[in-house]
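> Would you mind keeping the following structure in view while I ask a few things?
The values are calculated or read from the model by the stated rules, or taken from the named source; none is laboratory data. Predicted, not measured: the structure shown is a model, and the values here were computed from it. In this analysis, Cβ positions are derived from the backbone assuming ideal geometry, glycine residues included, and neighbour counts consider all displayed protein chains.
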Amino acid sequence: MEMHPFVAMNGIEKSFNGVPVLKKVTLEVERGEIHALLGENGAGKSTLMNILGGVHQPDSGQILIGGEEIKLANPHVSQAQGISFIHQELNMVGDLRVYENMFLGSEIRTRFGFLNVEEMCRQTHEILAQLGVSIDPKEYVRNLATSYKQLIEISKALLHKSQLIIMDEPTTSLAEHEVSRLFILMKNLKKSGVSIIYISHKLKEIQEVCDRYTVLRDGQLVKTDIMQNENLEVITKLMVGKSISQDRYVHEHEFGELALEVQGLTSTGLFKHIDFTVRQGEIVGFTGLAGDGRTELFESLFGYRKKYTGTVKVKGKPVHITHPRKALQAGMGYVPKDRKENAIIKDLSVIHNMSLSSMGNFERMGFIQDKKEQEQFNTYKKALNIKVHNPRITIDKLSGGNQQKVIIAKWLEAETDILIFDNPTQGIDVGAKQEIYQQILTLAKLGKAIIILSSEAPEVMRICHSIHVMYHGEITARFTGDEASEEEIMHYATGAKREGEKIG
Amino acid sequence: MANIDTKEYSPESPSVKSRLTWLWSEYSVIIAFVIIYIGASAMNPRFLDINNQLNILMQVSIIGIIALGMTVVMLSGGIDLSVGSVLALAGVISVLALNASGSILVGVFTALLVGSFAGFLNGLMVAKGRIASFIATLGMMAGARSIALYIAEGGSVSGEVSGFTAIANNNLWIFDFPVIIFFVMAVLIYVLMHKTRFGRYVYALGSNEKAAMLSAIRVDRIKIGVYTLIGTLVGIAAVIETSRLNSISSSSSGSQYELDAIAAVIIGGTRMTGGRGKIIGTIFGILILGILNNMMNLMNVSPHLQGFVKGLIIIIAVVFQKRE
Ligand SMILES: Nc1ncnc2c1ncn2[C@@H]1O[C@H](COP(=O)(O)OP(=O)(O)OP(=O)(O)O)[C@@H](O)[C@H]1O
Ligand SMILES: [Mg+2]
């Protein structure tokens, strides 16, 4: 091997508006290694990678590739150096087809200068197949589930035969078996000498696939070491400064009245014959793989989709919800998944994003009280540990995890009796996850009905009283929180076992 | 907040630089305004004459009122091309109502009603019919003009009620009524956009419509409200326009007003696709246009060339916007 590492970032410093975000950070990546980059929300991981990807320029410090100093003036230069970047937020163009997104900016042409659609479709199909995905390359991206979009985003980076692939939280919307396919692929890439920088808040994944790790805290390098030597608890401690238990939460409270009853809900092509109930104080989980229809189900309940049949009762009263506003009036709140598309208003400030669904709480005689908004935000900032220097800046300046916390705050503020969380801890660090679970538990104790949708079986197993597993638009199994096992959930989620055996 | 920054982290050279870029990006219209203002006073001493200054304000007031509404429409992610035609239609019908009833109040209310109704129709087409605002209001532009021409038989209609002309031609102290109306409207729209939920929702909708809807905002109603609002403002502008000369032409009144209004909004820094922009910016945008017009008149630039200069300014403004 060579003397110098493949990529070295030395003494990188970066500040935004006078606020230092990276302080003399050093990162070295060898050829053919998978290097984990870890740290709390807002630690500076994405910023460091944006510098390596040519998106941001460092204030000082140098970047060496193969021992030579390089100035990465823009993303094109970075790509030309063999660096591919899978960004934390999805960057798909919904109105383009899958293959058009894959080859955006690097289209394949025939000898005559026309687009070679066939070849592009073939390559798209090939790469997606490696990830175990079979979708029509000519499908419009807007029609696809989030997890597919994320897989396409990953495939796009694989297209460019890169030397280094940066993966900034690539698995936030993926189910377990999709993740394991990705890992097999990553290990193969590694064998062929490609290096990968892998950012994730799912520590189990990290341990499984990474060779070395680097931990950042508040923009400073805390430690770089070999993965094998460490157990997860130590790493957690390095990241958040305390150890975090992974045990199941014990609930000891009585449920109240029926809060939500759903009967025979059907929407052609999305879900069918859905029955379930949620009591006050109960936490109900829904899990399954991509295409299981759970998100569509709850988007329908929340009034975002209108074409469905069946009956819905809130507190015993039948309701007909045709718009999210009506859902809110009926006492339902919904934290959507995919924050960039569905939740973030990027031109509004952090505070204004927080108050958007509950303006009534901040008005006096029809006028918004800025001070009240500010005070309320400070409460959430403390409760959820939101890292923001100046809450009047637009929300897109926050780190991904902190944006997610603001969205959760927004729906906590709406104070609805029923709260639906779709993939609520997307991109949230281990410490903050704990705080959010705690919040959810407190809400349940106060008698709110909680529904949690997640592609991660362990997440629903940790906090839910009961769990519904969905497969192809149907509920195939129901468990109570303490009797569920990951393995069994997987059987039902993949359709290996069917309804009737379990439901009773 | 800026002071807190400086307390915690001593501002070093990069942050001074970044603060300057921030200042420029936030207030570039005002800076441009100051530069143009100083340039104008240096080039022609008559420019600073108080009567000339008041004259500029008077000249921009009608477009200014429309541009306020246009700002709101463009913040919501739409556009309204029908303002000029609706102004003519509202003017024509209101003069008929004025003459028939002999009441100034009836005339004014008719103008407001016609304006709001046309706006409401635009809103319905955009929100419920899901027609692109460009197309919907283009249709309204043709339709409203045609009805105005039909009613007035292609010509002008004049008011026959004494006192109607007072609306646009009287003044309070040194300010003409239209200027006062413009500023009152500006304050009202500012408050609406920054102190009420309607304004907040408009920004949200222009920035990310899906997320706005999932935040339980009645996106349709807000859109209808936005177009109705600009319609009402056009109605007010129609009253002033009609009252100024006590007549309105069905063929030429209001023509190209949409261009001037859109120009003012863009020069004022509002983003074409919505979600970002300020009422204050539009006010300075309209003042910049007014000063340029005034300067060209004072310097005897051919009126045929004035459009060229205006076009140039718009393009420069857009280029600056793109840079950020
Ligand atoms: N463009 C920007 N302007 C101002 N501040 C920014 C900008 N980009 C990032 N920051 C700040 O830099 C800090 C680090 O953000 P970064 O996105 O690197 O965090 P992260 O480690 O990726 O966190 P997460 O796990 O939540 O994604 C945050 O406090 C964020 O507010
Ligand atoms: Mg990040």
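> Kindly indicate which of B:74, B:58 is over 30 Å from residue B:209 (Cα atoms) and assigned to a helix (DSSP H, G or I).
Values: B:74 fails: over 30 Å from residue B:209 (Cα atoms).
Answer to the selection: B:58.
> Considering (1) within 13 Å of chain B (Cβ to nearest Cβ); (2) away from ligand 1 (no atom under 16 Å from the Cβ); (3) closer than 30 Å to residue A:261 by Cβ; (4) of a type in the set (A, V, I, L, M), say which one residue A:412 fails and leave the rest.
If we test residue A:412 against (1) within 13 Å of chain B (Cβ to nearest Cβ); (2) away from ligand 1 (no atom under 16 Å from the Cβ); (3) closer than 30 Å to residue A:261 by Cβ; (4) of a type in the set (A, V, I, L, M), just (1) comes out false.
> For the stretch A:283-310, enumerate the residues that are within 14 Å of chain B (Cβ to nearest Cβ) and not acidic (Asp, Glu).
Keep residues of the stretch A:283-310 that are within 14 Å of chain B (Cβ to nearest Cβ), which gives A:295-296, A:298-306.
Residues satisfying the conditions are A:295, A:298, A:300, A:301, A:302, A:303, A:304, A:305, A:306.
> Now a separate question. With (1) within 23 Å of residue B:62 (Cα to Cα); (2) part of a helix (DSSP H, G or I) as the list, and residue B:163 as the residue in question, which single condition is left unmet?
(2)
> Can I ask one more? Within the stretch A:254-274, is even one residue under 30 Å from residue A:44 (Cβ atoms), away from ligand 2 (no atom under 16 Å from the Cβ) and hydroxyl-bearing (Ser, Thr, Tyr)?
Kept after step one, since they are under 30 Å from residue A:44 (Cβ atoms), are these residues of the stretch A:254-274: none.
Among the residues of the stretch A:254-274, not one is under 30 Å from residue A:44 (Cβ atoms), away from ligand 2 (no atom under 16 Å from the Cβ) and hydroxyl-bearing (Ser, Thr, Tyr), which makes the answer no.
> What number of residues within the stretch A:374-399 satisfy the criterion of being out of contact with any strand residue (DSSP E or B) (no Cβ under 8 Å at 6 or more places or on another chain) and within 16 Å of ligand 2 (Cβ to nearest atom)?
Number satisfying all stated conditions: 7.
> Here's something else I'd like to know. Please determine whether any residue of the stretch B:182-195 is over 21 Å from residue A:360 (Cα atoms), crowded, with 22+ Cβ neighbours inside 10 Å and either of a type in the set (Gly, Ala, Ser) or within 14 Å of chain A (Cβ to nearest Cβ) (or both).
no
> Further question on the same structure: If I filter the stretch A:449-464 for residues that are part of a helix (DSSP H, G or I), within 16 Å of ligand 1 (Cβ to nearest atom), surrounded by fewer than 24 Cβ atoms within 10 Å (Cβ to Cβ) and away from chain B (no Cβ under 14 Å), do I get at least one hit? So that I can check it myself, show each step before the final result.
From the stretch A:449-464, those part of a helix (DSSP H, G or I) are A:457-463; that's our starting set.
Keeping just the survivors that are within 16 Å of ligand 1 (Cβ to nearest atom) gives none.
No, every residue in the stretch A:449-464 fails to be part of a helix (DSSP H, G or I), within 16 Å of ligand 1 (Cβ to nearest atom), surrounded by fewer than 24 Cβ atoms within 10 Å (Cβ to Cβ) and away from chain B (no Cβ under 14 Å).
> While we're on this one: Under 7 Å between Cβ atoms, at least 6 apart or on separate chains: pull out the pairs that start in the stretch A:36-57 with a residue that is away from every other protein chain (no Cβ under 14 Å) and end on any residue that is within 8 Å of ligand 2 (Cβ to nearest atom) and basic (Lys, Arg).
That search, which allows pairs on different chains as well, returns A:37/A:45; A:39/A:45.
> Being over 20 Å from residue A:162 (Cα atoms), touching a helix residue (DSSP H, G or I) at 6+ places or on another chain (Cβ under 8 Å) and not in a helix (DSSP H, G or I), is that true of even one residue in the stretch A:66-76?
Initially, the stretch A:66-76 is screened for residues over 20 Å from residue A:162 (Cα atoms), giving none.
Checked against the condition, which is being over 20 Å from residue A:162 (Cα atoms), touching a helix residue (DSSP H, G or I) at 6+ places or on another chain (Cβ under 8 Å) and not in a helix (DSSP H, G or I), the stretch A:66-76 yields no hits at all.
> Quick check on my filter: what residues within the stretch A:470-500 are buried (at least 17 other Cβ atoms within 10 Å of the Cβ) and closer than 19 Å to residue A:267 by Cβ?
Across the stretch A:470-500, the qualifying residues are A:470, A:471, A:473, A:474, A:475, A:476.
> Next question. Given the residues A:366, A:331, which is the only one that is at positive phi and in contact with an Asp or Glu (Cβ under 7 Å, 6 or more places away or on another chain)? Outline the logic, then answer.
Details: A:366 fails: in contact with an Asp or Glu (Cβ under 7 Å, 6 or more places away or on another chain).
None of the others qualify; the one that does is A:331.
> So which residues in the stretch A:1-32 are outside any strand (DSSP E or B), buried (at least 18 other Cβ atoms within 10 Å of the Cβ) and more than 14 Å from chain B (Cβ to nearest Cβ)?
Taking the stretch A:1-32 first, the residues outside any strand (DSSP E or B) are A:1-6, A:17-18, A:30-32.
Narrowing further to those that are buried (at least 18 other Cβ atoms within 10 Å of the Cβ): A:5-6, A:17-18.
If the condition is that a residue be outside any strand (DSSP E or B), buried (at least 18 other Cβ atoms within 10 Å of the Cβ) and more than 14 Å from chain B (Cβ to nearest Cβ), then A:5, A:6 are the ones that fit.
> Next question, about the same structure. Anything in the stretch A:220-265 that is farther than 30 Å from residue A:443 by Cβ, touching a residue at least 40 places away in the same chain (Cβ under 8 Å) and not hydrophobic (A, V, I, L, M, F, W, C)? List them, or say none.
Those that are farther than 30 Å from residue A:443 by Cβ, touching a residue at least 40 places away in the same chain (Cβ under 8 Å) and not hydrophobic (A, V, I, L, M, F, W, C): A:220, A:224.
> If you go through the stretch A:400-442 one residue at a time, how many are within 16 Å of ligand 2 (Cβ to nearest atom), in a helix (DSSP H, G or I) and closer than 22 Å to residue A:351 by Cα?
Counting residues in the stretch A:400-442 that are within 16 Å of ligand 2 (Cβ to nearest atom), in a helix (DSSP H, G or I) and closer than 22 Å to residue A:351 by Cα gives 10.
> Considering only residues of the stretch A:129-176 that are under 26 Å from residue A:81 (Cα atoms), assigned to a loop (DSSP other than H, G, I, E, B) and in contact with a strand residue (DSSP E or B) (Cβ under 6 Å, 6 or more places away or on another chain), which is farthest from ligand 1 (Cβ to nearest atom)?
A:160
> Could you list, in sequence order, the residues of the stretch A:16-48 that are touching a Phe, Trp or Tyr at 6+ places or on another chain (Cβ under 8 Å) and more than 8 Å from ligand 1 (Cβ to nearest atom)?
Of everything in the stretch A:16-48, those that are touching a Phe, Trp or Tyr at 6+ places or on another chain (Cβ under 8 Å) and more than 8 Å from ligand 1 (Cβ to nearest atom) turn out to be A:18, A:20, A:29, A:30, A:31, A:34, A:35, A:36, A:37, A:38.
> While we're looking at this one, here's another question. Tell me, yes or no, whether the stretch B:203-210 has at least one residue that is surrounded by fewer than 21 Cβ atoms within 10 Å (Cβ to Cβ) and more than 9 Å from every other protein chain (Cβ to nearest Cβ).
Looking only at the stretch B:203-210, we keep the residues that are surrounded by fewer than 21 Cβ atoms within 10 Å (Cβ to Cβ), and these are B:209-210.
Then keep just the ones that are more than 9 Å from every other protein chain (Cβ to nearest Cβ); that gives B:209.
Checking the stretch B:203-210: at least one residue is surrounded by fewer than 21 Cβ atoms within 10 Å (Cβ to Cβ) and more than 9 Å from every other protein chain (Cβ to nearest Cβ).
> Something else: If residue A:249 satisfies every condition in (1) surrounded by 20 or more Cβ atoms within 10 Å (Cβ to Cβ); (2) more than 16 Å from ligand 1 (Cβ to nearest atom) but one, which is the exception?
Result: residue A:249 passes all but (1).
> Consider only pairs whose beta carbons are under 6 Å apart and that are at least six residues apart or on different chains; among these, list those whose first residue lies in the stretch A:383-403 and is within 14 Å of chain B (Cβ to nearest Cβ) and whose second residue is near ligand 1 (Cβ under 10 Å from one of its atoms) and not hydrophobic (A, V, I, L, M, F, W, C).
Filtered contacts from the stretch A:383-403: A:395/A:403.
> Sticking with this structure for a sec: Given (1) within 12 Å of chain A (Cβ to nearest Cβ); (2) modelled with pLDDT of 90 or more, where does residue B:85 come up short, assuming only one miss?
(1)
> Of all residues in the stretch A:163-221, how many are on the phi > 0 side of the Ramachandran plot, touching a helix residue (DSSP H, G or I) at 6+ places or on another chain (Cβ under 9 Å) and away from ligand 2 (no atom under 16 Å from the Cβ)? Talk me through it step by step, then tell me what you get.
Filtering the stretch A:163-221 for residues on the phi > 0 side of the Ramachandran plot gives A:169, A:193, A:218-219.
Narrowing the set further to residues that are touching a helix residue (DSSP H, G or I) at 6+ places or on another chain (Cβ under 9 Å) leaves A:169, A:219.
Filter once more, keeping what is away from ligand 2 (no atom under 16 Å from the Cβ): none.
Total meeting the criteria: 0.
> Can you find a residue in the stretch A:74-84 that is without any contact (Cβ under 8 Å) to a residue 24 or more places away in the chain, within 15 Å of ligand 1 (Cβ to nearest atom) and of a type in the set (S, T, N, Q)?
The answer is no; no qualifying residue exists.
> May I ask you to list the residues in the stretch A:188-245 that are over 22 Å from residue A:30 (Cβ atoms) and exposed (fewer than 15 other Cβ atoms within 10 Å of the Cβ)?
Within the stretch A:188-245, A:204, A:231, A:233, A:234, A:237, A:241, A:242, A:243, A:245 qualify.
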